[in-house]
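The block underneath contains the structure these notes are about, expressed in structure tokens.
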Ligand SMILES: [Zn+2]
């Protein structure tokens with residue numbers, strides 16, 4: 001195979017959708033397919049779904065391999081995936097081995113947010129940057145670390161769980177079993193919860209009708225904030241400050257050049273980025289460290305898919 005014509009398939013396995021695509025060395029998706037995840041039917045069915053998707057995408061093209069981004073704890077060398085949230089009956093599955101057997105193709109597996117960080121490293125906002133942190137803001141709050149130009153996954157693949165940094169040791173219970181984790185304050189549902197609580201003292205907010213219709217989402221709260229609503233603005237300011245404070249700890253620990261912010265909630269742009277930047281500048285330990293740049297992710301929803309393909313394309 002000519003090196004410049006090298007292709008790989010990337011698959012982003014989520015609790016709702018499985019998205020797959022054929023990706024070239026420039027990080028472009030040449031064609032794509034997706035399927036609704038049969039998340040309740042266990043690993044056997046889902047692995048069969050992935051294999052079907054890959055066969056459909058392959059169409060006789062010579063591909064160098066398949067990269068899969070999975071939620072949960074992923075051991076990179078063995079390809080074992082443990083306890084992915086929102087996928088039932090998994091516990092421990094060797095995704096690499098199972099798919100290699102089914103497809104007769106080289107398979108590499110990574111945690112989904114780590115895959116997204118890898119995508120940003122090779123084809124997105126982290127190009128040419130040696131040390132950066134990726135944080136994804138959505139229902140869950142994920143993280144990926146690129147250190148010395150490489151994805152850092154830790155001894156068992158568990159590194160980068162920024163969402164589960166405890167920001168308040170006396171805080172509420174988190175789904176991970178710990179208390180007061182960052183995700184428990186800034187995950188999408190908790191942003192909505194903060195809006196609901198804020199409405200009690202601010203019934204005239206433009207968020208009020210949305211709440212009554214049960215339509216509050218971070219996206220709509222951002223829209224209302226841009227129309228000048230004080231409560232909605234306050235919610236993003238506070239959310240950004242909490243994220244910035246947590247990131248100042250990570251920045252003190254790792255001294256990265258860059259923080260890349262992705263995920264659905266990051267679509268709020270300046271509303272969330274400005275308080276993150278301000279708080280980081282106030283709280284990181286010394287002046288040099290405070291210079292860390294905070295920028296939005298470039299690859300959007302495709303980061304996981306492209307990054308999964310990068311596991312093969314950019315070993
Ligand atoms: Zn947690």
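Since every read-out is calculated from the coordinates, none of them should be taken as a lab result. Because the structure is a prediction, the values reported are computed rather than measured. All Cβ positions, glycine included, derive from the backbone under ideal geometry; neighbour counts span all protein chains shown.
Listed values, structure above:
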read-out	value
Contour minus Cα-Cα distance for residue 61 and residue 155 (0.36 nm per residue)	30.3 nm
Highest-MSF residue in the chain out of 121, 305, 254 [GNM, Cα springs under 10 Å]	254
Globularity ratio of the stretch 48-109, using Cα Rg and 2.2 N^0.38 Å	1.13
Spatial separation of Cα centroids for the stretch 171-199 and the stretch 99-138, in angstrom	27
Residue-span extension gain [residue 169 to residue 257] - 0.36 nm each, minus C-alpha spacing	28.8 nm
Relative packing of peptides 306-313, 243-250, 198-205, 231-238 - highest average C-beta neighbours within 10 Å first	306-313, 243-250, 231-238, 198-205
Computed over the stretch 128-297: relative contact order in percent, which uses C-alpha pairs under 8 Å that are six or more apart	23
Cα-based Rg and Dmax for the stretch 239-314, where Dmax is the largest Cα-Cα distance (Å)	13.7, 40
Ordering of 28-40, 168-180 by burial proxy (mean other Cβ atoms within 10 Å per residue, highest first)	28-40, 168-180
Helix 112-123 axis, angle to the chain major axis (alpha carbon atoms, nearest 10°)	80
Sequence-separation-based contact order of the stretch 1-155, relative, with Cα cut under 8 Å and 6+ spacing, percent	18
The stretch 128-297 - Rg (one decimal) and Dmax (whole number), Cα, Å	16.2, 51
Theoretical gain in end-to-end length, residue 129 to residue 82 [0.36 nm per residue, Cα-Cα removed]	13.9 nm
Two-decimal log10 I(q)/I(0) for the chain, as the Debye equation yields it once each C-alpha is a single scatterer, q = 0.07, 0.11, 0.12, 0.15 Å⁻¹	-0.28, -0.69, -0.81, -1.18
Cα-based Kirkwood hydrodynamic radius, the stretch 1-130, one decimal, Å	14.9
Spatial separation of Cα centroids for the stretch 251-284 and the stretch 28-73, in angstrom	32
